[in-house]
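These notes concern the structure reproduced below.
Every number here is computed from the coordinates shown, using simple stated rules; none is lab data. Treat the numbers as computed from the prediction; the structure is a model and nothing was measured. Every residue, glycine among them, receives a Cβ derived from its backbone with ideal geometry; neighbour counts consider all protein chains shown.
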Ligand SMILES: [Zn+2]
């Protein structure tokens with residue numbers, strides 16, 4: 001290339017300006033036909049991938065119907081597209097036994113981990129972990145088990161909480177997510193705040209309470225802009241449920257985070273006991 005360039009420069013120096021311009025025009029003219037040819041070759045080259053892309057385009061469509069080996073009646077019905085939304089499934093009171101049903105019907109499902117575990121650290125601190133390790137005594141030493149707590153939700157009224165134990169960290173986490181998907185509920189939302197009265201769905205329709213272990217929880221409707229007034233785990237959970245403004249009152253040993261989370265889940269479940277639309 002450098003040699004060619006040098007030669008061209010030498011030519012340019014030798015040749016008069018007019019000739020140089022003519023040469024340039026010729027070059028550009030010669031260059032133009034080359035471009036379509038190159039494009040053609042590119043198309044030829046891209047022919048196979050382009051076809052693959054075309055074949056790949058319908059792929060998202062089956063994703064929405066989400067094919068899997070359904071093993072229950074509800075699973076095969078969902079796979080066949082007999083249900084328009086997860087609300088229909090929940091309204092019928094169907095028992096969800098396959099997590100794929102939830103995956104198929106709620107593509108924007110998000111998941112959060114509750115840090116239920118921890119170990120005492122230096123200076124009174126604590127290192128929090130996603131799984132809680134418990135031990136039982138055996139004649140040959142300690143046998144450990146790990147438990148995990150996960151929350152799933154779509155940020156629009158669907159929430160599930162699942163707990164699971166396993167010998168390993170990873171399988172405990174996976175099992176807890178699966179259990180959370182199987183136990184999803186529809187969270188009733190509204191605006192029960194007398195200070196707001198907007199009639200929207202940013203809070204809860206009325207005061208509700210729930211309990212688990214020693215933990216007692218009361219959720220109070222709050223006006224727009226209040227935010228989620230509660231602990232980190234509480235906010236995580238209510239955010240996934242799609243509630244934006246609420247006051248949380250707790251009593252009992254709330255440091256036991258799995259009991260706190262289950263108490264709030266209980267309170268949200270109790271919202272569905274009242275009359276009215278979701
Ligand atoms: Zn309001």
*When you look at residue 220, is it within 20 Å of residue 254 (Cβ to Cβ) and under 17 Å from the mean Cα position of the chain (by Cα), yes or no?*
no
_Scan of the range 260-273 for residues that are surrounded by fewer than 20 Cβ atoms within 10 Å (Cβ to Cβ) and more than 13 Å from residue 160 (Cβ to Cβ), ordered by number_ = 266, 270, 272, 273
*asked:* Tally up the residues in the range 238-253 that are over 12 Å from residue 208 (Cβ atoms), surrounded by fewer than 21 Cβ atoms within 10 Å (Cβ to Cβ) and over 15 Å from the mean Cα position of the chain (by Cα), please.
replied: 5
_Whether any residue in the range 229-243 is under 26 Å from residue 108 (Cα atoms), away from the ligand (no atom under 16 Å from the Cβ) and out of contact with any strand residue (DSSP E or B) (no Cβ under 9 Å at 6 or more places or on another chain) is what I want to check._
yes
*Top-ranked residue in the range 190-228 [being in contact (Cβ under 8 Å) with a residue 60 or more places away in the chain and in a loop (DSSP other than H, G, I, E, B); ranked as farthest from the ligand (Cβ to nearest atom)]*: 206
*So how many residues does the range 138-176 have that are closer than 27 Å to residue 86 by Cβ and free of Cβ contacts under 8 Å to residues at least 12 places away in the same chain?*
2
*Across the range 249-278, which residue is nearest to residue 153 (Cα to Cα) among those that are assigned to a loop (DSSP other than H, G, I, E, B) and touching a residue at least 24 places away in the same chain (Cβ under 8 Å)?*
278
_Taking the condition of being more than 19 Å from residue 161 (Cβ to Cβ) and in a helix (DSSP H, G or I), how many residues in the range 72-86 meet it?_
7
